[in-house]
1. Can you name every residue in segment 105-141 that is open to solvent by 40 Å² or more (accessible area, probe 1.4 Å) and of a type outside the set (A, V, I, L, M)?
2. Is it the case that Leu207 is under 24 Å from Leu308 (Cβ atoms), assigned to a helix (DSSP H, G or I) and not β-branched (Val, Ile, Thr)?
3. Being open to solvent by 30 Å² or more (accessible area, probe 1.4 Å), of a type in the set (Val, Ile, Thr), on the phi < 0 side of the Ramachandran plot and more than 18 Å from the chain's Cα centre (by Cα): is that true of Ile196 here?
4. Tell me whether segment 15-34 contains one or more residues that are at pLDDT 90 or above, more than 30 Å from Leu138 (Cα to Cα) and among the acidic types (Asp, Glu).
5. What helices (runs of 4 or more DSSP H), lying completely within segment 222-340, carry at least 2 residues that are open to solvent by less than 40 Å² (accessible area, probe 1.4 Å) and polar (S, T, N, Q)?
6. Among (1) open to solvent by less than 20 Å² (accessible area, probe 1.4 Å); (2) over 19 Å from Pro95 (Cα atoms), there is one condition Pro210 misses while meeting the rest; what is its number?
7. Phe139 - would you say it is more than 15 Å from Ile70 (Cβ to Cβ) and without any contact (Cβ under 8 Å) to a residue 40 or more places away in the chain?
8. Among the residues of segment 167-187, which ones are free of Cβ contacts under 8 Å to residues at least 60 places away in the same chain, open to solvent by less than 50 Å² (accessible area, probe 1.4 Å) and under 13 Å from Ile71 (Cβ atoms)?
Amino acid sequence: MALFRLSNLVALLTFSSLTVLAFNFIAGHGDASGFFDKLSAPCLNITTDEAPFSLPYTGIQPIDKTLCGIIVFFHASFGPEVAPFLIYFLLSAVPITGHAYFESSRLKRPFLMAYPVVFFQVMQLLSFGATFSVYWMLFILSGASRLPSLGRQTMVTKAHAQAMMFGIFIGLVILTGCMIILQDPYITAIWQVFPIVISVATSLHLLVRPASLYPESGFSIIRGFYILSFILISSMHITLITSRGIEELKALMLPSITVLPSSTSIELQALNLLQWDAAFGLLSALLATLWFGRNTKETFVLLVWNLLASPVVGPGAAFAASALWRESWLHEELISDKKD
């Protein structure tokens, strides 16, 4: 019990600190550098050549002005200086997205984990780094990270696994691909609600293939998802680090510790914000995997894995492997439960 309380205390201090730091480096630096002013400047009431993103997205002026600033940010990220990192970041977050949705479909899961759409939609406004530092803290404090010996209560059914894959494919893969390829402001605006699209698509799939008719384990689908994520992310990571020189790689992957001068181009300021967002979001996910361990030895192995694998195959791939390992022993618990 004392160890349990210590573990929760460490989680509380670690992830709350990451949340504060994320807000400081993402929101604080963005404001201090004048970046947010640059994003809002083109968002006038009337569309002109100087304000091509000031469009009637919803017909509600305050919402449209907010969307305009967000869309200016994303379209500044579509250029050759930023796009490689943007794509890498989005791909690295896919297994984390899958994990959150898989957790929500377990029978034995805390209420706080039941609606990942809330976290992802808040993320669209408050950043991935800050929001998911809070998510992982709640994941641990709510007990969702400790699921051994619960048998079918920890299982994700085949119907739910298929529905989640369908939702992620429609809401994240297809919608993100359309946003990056077409670079249309209206599609970028729709992308801001991709979490809702995922949830709606998942629910519609479950109407067609309900869990009551497909109650068997969806482990093979989840395993395939994590393996595919690992292959794609590690391939892109290795390509990035082997195709660039050291200085070029540092410029692409590492954010500035100090506030950027206001004279910095909007593209490089967008890159810096994305770099900090990815740093805190992926770091919090990797730290959370330490709570996947069932004992001190497993926690230590996970720590070593994260330290060694992240620079070699990428933090997103390292997370995918850890999540697959956790899902594998949960599946073994299920098989043992059936035999008993």
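The values are calculated or read from the model by the stated rules, or taken from the named source; none is laboratory data. Everything quoted here is computed from the prediction, not taken from an experiment. Here the Cβ positions follow ideal geometry from the backbone for every residue, glycine too, while neighbour counts run over all protein chains shown. Ligands, DNA and RNA are stripped out before the accessible areas are found, and what is left, the full protein with its side chains, is counted by its heavy atoms. Shrake-Rupley method; radii C 1.70, N 1.55, O 1.52, S 1.80 Å.
1. Lys108, Arg109, Phe111, Tyr115, Gln121
2. Spelling it out, it is not the case that Leu207 is under 24 Å from Leu308 (Cβ atoms), assigned to a helix (DSSP H, G or I) and not β-branched (Val, Ile, Thr).
3. So Ile196 does not fit the description; no.
4. Checked segment 15-34: no residue is at pLDDT 90 or above, more than 30 Å from Leu138 (Cα to Cα) and among the acidic types (Asp, Glu).
5. Correct list: 266-288, 296-313, 315-339.
6. (1)
7. So Phe139 does not fit the description; no.
8. Ile187
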